[in-house]
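Engineer: The structure follows.
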Amino acid sequence: MRTPEQIWEDADLPARRLAGLALNPSATPEVLLRLLAEGPLAVRMVLCRDRDLPGAVVDAVIAHPDPRTRSFFAVNPHVDPAQRARLVDDPEWLVRAHVAQGPRATEPDRPKPLPDAAVVRILTTYEPEHLWSLYRNVSPELMRSLAAHPDAEARRHGVFHWSRMSDDERAALLADPDERVREAARACALHEDPAWVESQLPDRPCHSRTHLLLHSALSRAVVEGVLTAPADEDDTWMIAGNPTLPPDTVVLLAADPNPKVREQIAGRADLGPAERHVLVADPDPDVRGAVARHPDLDAEERRTLAADPDPRVRLAVSVHPGLSEEERARVDYTVPMDRPFGAHAAPWPPRDPEAVRRDAHSGHPLLRRRAAREHTLAPDLVARLAEDDDLGVRVLLAQNHPDAPAELLLRSFLEYTGPERARLTTRPNFPCAGLAGCADHEDPLVRALAARDPQTPPGTVDRLTRDPDAQVRSGAARHPNLPPARLAELLADAELAHRAAANPALDPAVTRRLLETQGREAR
């Protein structure tokens, strides 16, 4: 079966024109229904996957005889998830698999979750191989409540969030009236039994061994086996971060020459004073930098690290929660500007609002950057951080807060050129007005902004369709101010025909002609 990319690459010029019509915001429901009924696969793919659809068209998609067409709709990020959920009981496994998979998205831009009832239906009726990516479509509220769901099969799936459960929640599952739920709970509880882990640990490198060494309770015999006869060179650093590692082994591994091992040890939150002192004295600055992040460092340790000869260590300890603002200001640190300022998922559980407020008012840019990532930042803090003198603070606020102001979004796009820059243009308040002046900018990504401005003059739009940058040409081809003569030319251009056909200024007579000739003739 061809992938969506192959389907599009195989599409000829007539199909690309019709695909453009399918995305045209001026296309009537009648036009869309005709494309759905008569268009080739590439056209149906674009129509069903890449835009919102009127109710009548949605109904026709749900009833379409081609399962590939329905599967395209199942991953559409633009429609209400309740519409996608109408396919949850589709007779074809391909469609059901795509419903469970949902739209393609990466953290933190997950698609809107499916209705809870649809998720439970999937959990209780779908084949296990279709569930691996379902989590992207589940609301956080349902995820946290599955273990207490009335449906036993749903509770069984909720068991696999065992590590995040309270003792009472775990006890309830172990005593659940349903045997399969109890069995799943017991299977999770076994990972807390060192003897069981020892009996199940594979003697060769594999996913199971990795999972057990990283996350399960380790017996003394397992630890000694890893130290004396590891199955893989990574075994030692795997156990270094395991919270069940004996204290004497922590001290031993702290002196390990492997920096990955020392880093894992330094990240442990359960270290006692003796183990921490071993790490503080370690000659490797990466280890000292990791130790500097421990929340329970005492004042003497903090002072020692604040005077460390390595700037990375001083930076790490400069944001320690035990320091006052005055102490923080006395640390000689340098704030890095070469890091990506991108999107972050909302933390769970949410951070303490007072701690966020303290960070936002801190004199340390890294703490203000931490506050700027909060999705629920109070309006007064949004206004404060939007005017911050640190680029990282401003861009992180623009990337993460749903009410980031338009001026901040545009300024961030113009000043920041790192990863996820393009995401700024997708934020809710990114401006459109006043961008025509970007048409002559040396940066092609900035020139492309001119296509967002409805007031960009026709001559400028025409010129941008001939720009050396493909993204600039593409955006300009869809601008409603594109002169009709140039729009007609682009309908014959293999690269831009689908963009031109999506132009909302396309003459209805051209639309009719394209439909009548199956995209072969535009005039």
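Engineer: Enter the Cα centre distance for the pair region 451-509 and region 115-163, rounded to the nearest angstrom.
Structural biologist: 46 Å
Engineer: Hey, another quick one. Only loop residues by DSSP count here, and only those with at most 12 other Cβ atoms within 10 Å; note down the trypsin sites (Lys or Arg not before Pro) in region 432-476 that meet that.
Structural biologist: Answer by residue number: R466.
Engineer: By the scheme Lys and Arg +1, Asp and Glu -1, what is the net charge of all other residues having a beta-carbon under 12 Å from that of R358?
Structural biologist: +1
Engineer: Answer rounded, prolate or oblate for the chain, using the Cα gyration tensor with square roots of eigenvalues a ≥ b ≥ c: rounded when a/c is under 1.5, else prolate when a/b is larger than b/c, else oblate.
Structural biologist: It is oblate, given that a/c is not under 1.5 and a/b is not larger than b/c.
Engineer: Can you tell me the accessible area per residue over the chain, all protein chains present, probe 1.4 angstrom, in square angstrom?
Structural biologist: Computed with neighbouring chains in place, this is 49 Å² per residue.
Engineer: Could you give the dipole magnitude of the chain about its Cα centre, charging the beta-carbon of Lys and Arg +1 and that of Asp and Glu -1, in debye to the nearest 20?
Structural biologist: In debye, rounded to 20, the chain gives about 1740.
Engineer: Just in region 96-155: which chymotrypsin sites (Phe, Trp or Tyr not before Pro) are loop by DSSP and have at most 16 other Cβ atoms within 10 Å?
Structural biologist: Loop-located and lightly packed - W132.
Engineer: Moving on to the next point. With θ set to phi - 60°, apply the Karplus curve 6.51 cos²θ - 1.76 cosθ + 1.60 along region 438-443 and write out the HN-Hα couplings as whole Hz, x wherever there is a Gly or Pro.
Structural biologist: Couplings: 6, 4, 9, 5, 6, 7 Hz.
Engineer: What's the local net charge at E169, with K and R +1, D and E -1, over the other residues with C-beta under 13 Å away?
Structural biologist: Details: positive: R144, R155, R164, R170; negative: D167, D168, D176.
Result for the local shell: +1.
Engineer: Return the ratio Rg/(2.2 N^0.38 Å) for region 286-436, where Rg is computed over Cα atoms only. It would help to have the intermediate numbers written out before the result.
Structural biologist: Working: Rg = 16.6 Å, N = 151, 2.2 N^0.38 = 14.8 Å.
Taking N as the residue count of region 286-436, the ratio is 1.12.
Engineer: Follow-up question, since we're still on this one. Count charges around L35 for me, please; just the other residues with Cβ under 12 Å from its Cβ, Lys/Arg as +1, Asp/Glu as -1. Before the final figure, lay out each step's value.
Structural biologist: On the way: positive: R17, R34, R44, R51; negative: E30, E38.
Around L35, the charge tally is +2.
Engineer: For the pair A505 and E9, how long in nm is the line joining their label points, each one 7 Å along Cα→Cβ?
Structural biologist: 3.5 nm
Engineer: Just name one of T460, L367, H149: the one whose Cα is farthest towards the positive end of the charge dipole of the chain (beta-carbon charges, Lys/Arg +1, Asp/Glu -1).
Structural biologist: Looking along the dipole axis, the top candidate is T460.
Engineer: Could you look at the chain and say what percent of its accessible area is carbon and sulfur, using a 1.4 Å probe and all protein chains?
Structural biologist: The computed percentage sits at 54.
Engineer: How about region 20-121: which trypsin sites (Lys or Arg not before Pro) there lie in a loop by DSSP and see at most 16 other Cβ atoms within 10 Å?
Structural biologist: Answer in residue order: R104.
Engineer: Can you compute the charge dipole magnitude of region 113-184 about its Cα centre, using +1 on each Lys and Arg Cβ and -1 on each Asp and Glu Cβ, nothing else charged? Give it in debye, rounded to the nearest 20.
Structural biologist: It comes to approximately 200 debye.
The values are calculated or read from the model by the stated rules, or taken from the named source; none is laboratory data. Remember, predicted model here, so these are calculated numbers, not experimental data. Every residue, glycine as well, gets a Cβ built from its backbone with ideal geometry; the counts of neighbours run over all protein chains shown. Just so you know, the surface numbers come from the protein's heavy atoms only, side chains and all, with ligands and any DNA or RNA stripped out. Shrake-Rupley method; radii C 1.70, N 1.55, O 1.52, S 1.80 Å.
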